[in-house]
2 protein chains.
Amino acid sequence: MSADSQETKRQARGRARIDQILLAAAETFGDLGYESATTNAIAARAGISPGSLYQFFKNKEDIAHALSERYAEQLSGVELGTGGVEPATLESAVHAAIVPIVEFNRANPGYKALFARTDMPASMREAVAPVRENLHGRVRVGVARLLPHLDDGDLERTVLVVMHMVQGLMPLIVAAPDAERAALIRELERSLVAYLRSVP
Amino acid sequence: MSADSQETKRQARGRARIDQILLAAAETFGDLGYESATTNAIAARAGISPGSLYQFFKNKEDIAHALSERYAEQLSGVELGTGGVEPATLESAVHAAIVPIVEFNRANPGYKALFARTDMPASMREAVAPVRENLHGRVRVGVARLLPHLDDGDLERTVLVVMHMVQGLMPLIVAAPDAERAALIRELERSLVAYLRSVP
DNA sequence: GTAGAATACGAGCAATTACTCGTGTTTGTC
DNA sequence: GACAAACACGAGTAATTGCTCGTATTCTAC
């Protein structure tokens with residue numbers, strides 16, 4: 001996935017460049033969206049030349065993939081629950097998952113440009129697989145704990161519905177002013193709780 | 001909004017061309033998405049030259065806008081309820097709205113390429129305004145009837161949440177195979193019913 | 001029938017953009 | 001210090017694409 005097929009031995013300087021580039025890419029994707037973000041703009045934002053960018057990433061999609069891996073790592077470090085303690089209610093379980101997800105989305109403007117989109121060119125699907133799988137797996141575990149009686153098919157479908165409900169409302173939440181955002185988060189949590197309770 | 005500032009008097013031939021172009025645009029948008037669909041490809045699909053296309057639309061965005069207007073018209077003709085008869089239950093009211101919306105999405109593959117996207121370039125927002133306003137207004141009427149006690153702010157928020165829940169699940173529903181689609185539609189309806197019942 | 005408007009063509013322009021390549025500099029290793 | 005590998009540059013290239021323009025044909029109004 002990296003720039004070279006036979007791994008090049010990165011120097012400290014090179015690793016720092018990769019960080020710069022991924023940061024610049026995240027910002028540029030966040031500002032302009034994936035397709036409108038040009039590789040030259042990313043390089044400029046990172047303070048390097050276009051040629052240097054391609055020393056570390058073999059193409060634009062490779063940048064998206066690396067960024068996706070980085071987001072997946074960061075997400076792995078985010079607790080989406082009550083941290084081992086059994087949640088008292090469904091409400092508190094949902095709340096404990098939604099709050100950090102919203103924070104993550106707010107803190108990473110490039111995230112939504114890559115993942116919070118319904119239309120995605122086939123080439124991008126593969127690039128963003130790391131994050132999707134990370135989240136999907138964790139949501140499945142959470143839903144299975146809440147609704148242990150579901151069979152595989154029903155569980156899978158419920159997970160998909162939950163993820164799409166969250167994804168559908170997230171742009172609204174992130175874009176809203178502070179006061180309205182709190183209200184929207186309550187709506188999202190309420191819709192999830194109500195939905196999960198309604199599962200037979 | 002049309003190609004010319006001082007309206008040109010369309011002949012029957014011209015109106016037929018506009019129909020061809022909008023049909024070709026809808027198909028091309030549906031296949032490739034808005035940005036990847038080239039005007040030359042639309043012209044080719046419509047069986048005309050690029051030059052002819054620009055006799056009727058001043059640019060690509062103008063095509064999207066005209067298509068949006070057409071979708072808005074078609075949607076106006078779609079009954080999103082029980083047709084004057086008071087619905088017996090919340091379930092039946094939701095069902096009566098969701099079924100035709102899903103059908104419309106399935107029948108118009110270009111629709112999702114324009115509207116069912118979370119990231120939308122600013123230039124496109126204006127182009128798709130006709131459809132958004134049409135749907136928004138009708139959903140507001142429906143929600144206000146179901147939840148007459150909501151004040152303006154709560155009503156508006158509830159409408160937004162409902163629309164984004166539908167929009168979030170629609171790609172899943174449209175893409176699913178027949179058997180799974182029926183199950184997903186049930187999930188969407190159940191989540192909407194549960195959410196609306198949970199509104200204080 | 002004729003003038004003018006509408007329709008039609010398609011080669012090609014101007015701008016954009018992902019990416020390359022020749023060249024030069026810095027770093028790690030011995 | 002010498003050598004190779006990593007890093008860096010940025011002008012340039014090939015391809016794409018939205019759109020134009022000169023020209024030719026068809027329709028409508030009178």
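Among residues of chain B, the one whose beta-carbon sits closest to the B-to-A rotation axis is listed with its distance in Å as B:168, 1.
Taking a quarter of the surface of the Cα convex hull of the range B:12-57 gives a mean projected area of 2.7 nm². Inter-part distance, the range A:129-192 to the range B:107-173, computed on C-alpha centroids, equals 19 Å. Dividing the alpha-carbon radius of gyration of the range A:74-134 by the rule-of-thumb value 2.2 N^0.38 Å gives 1.33. Against chain A, whose longest principal axis comes from its Cα atoms, helix A:12-32 is set at around 60 degrees.
Highest GNM mean-square fluctuation, chain B, Cα pairs closer than 10 Å: which of B:106, B:132, B:15? In this elastic network of chain B, the residue with the biggest mean-square fluctuation among B:106, B:132, B:15 is B:15. Taking chain B as a Gaussian network, Cα atoms linked when under 10 Å apart, which of B:25, B:12, B:182 shows the biggest mean-square fluctuation? Taking springs between Cα atoms under 10 Å, the residue moving most is B:12.
Using just the C-alpha positions of the range B:73-198 as equal point scatterers, what log10 of I(q)/I(0) does the Debye formula give at each q in 0.09, 0.20 1/Å? After summing over all Cα pairs, the log10 values are -0.25, -1.31.
Against chain B, whose longest principal axis is taken from its Cα atoms, helix B:152-175 shows a tilt of about 70°. Comparing B:67, B:114, B:135 in a Gaussian network model of chain B where C-alpha atoms under 10 Å apart are linked, the largest mean-square fluctuation is found at B:135. Note on exposure: A:76, A:198, A:68 ranked by accessible area (1.4 Å probe, complete protein assembly) read A:76, A:198, A:68, with the most exposed listed first.
The share of accessible area on chain A that comes from carbon and sulfur is 54 percent, using a 1.4 angstrom probe. In this view, the solvent-accessible surface of residue A:146, computed with a 1.4 Å probe and all protein chains in place, comes to about 70 Å². Considering only protein heavy atoms, what per residue accessible area in square angstrom results for chain B with a 1.4 angstrom probe? About 49 Å² of surface per residue is accessible.
Taken across both chains, chains A and B shield about 2400 Å² of accessible surface from a 1.4 Å probe. Working from Cα pairs under 8 Å separated by at least six residues, relative contact order for the range B:12-57 is 37 percent.
Note on exposure: A:112, A:58 ranked by accessible area (1.4 Å probe, complete protein assembly) read A:58, A:112, with the most exposed listed first. Under conditions of 10 °C and 1.306 mPa s, the protein assembly as shown yields 69 µm² s⁻¹ as its translational diffusion coefficient, taking Rh as the Kirkwood radius over Cα pairs in the Stokes-Einstein equation. Within the range B:110-165, all pairs of alpha-carbon atoms sorted by distance into 5 Å bins from zero give the percentages 4, 18, 26, 22, 15, 10, 5, 1.
Computed from Cα positions, the angle between helix A:90-107 and the longest principal axis of chain A comes to roughly 20 degrees. Burial annotation for the range B:102-121: residues with an accessible-area loss of at least 40 Å² between the isolated chain and the complete set of protein chains, computed on heavy atoms with a 1.4 Å probe, are B:118, B:119. Straight-distance candidates among the aspartates and glutamates for linking to residue A:58, with alpha-carbon spacing under 13 Å and chain neighbours fewer than 8 residues away dropped: A:4, A:7. Working from Cα pairs under 8 Å separated by at least six residues, relative contact order for chain B is 23 percent.
The values are calculated or read from the model by the stated rules, or taken from the named source; none is laboratory data. It should be emphasised that the depicted structure is a prediction, and the values quoted were computed from it without experimental measurement. Please note: Cβ atoms are built from the backbone with ideal geometry, for glycine as well, and neighbour counts cover all protein chains shown. Each accessible area value is taken on the protein alone, full model and side chains, heavy atoms only, with ligands, DNA and RNA left out. Shrake-Rupley method; radii C 1.70, N 1.55, O 1.52, S 1.80 Å.
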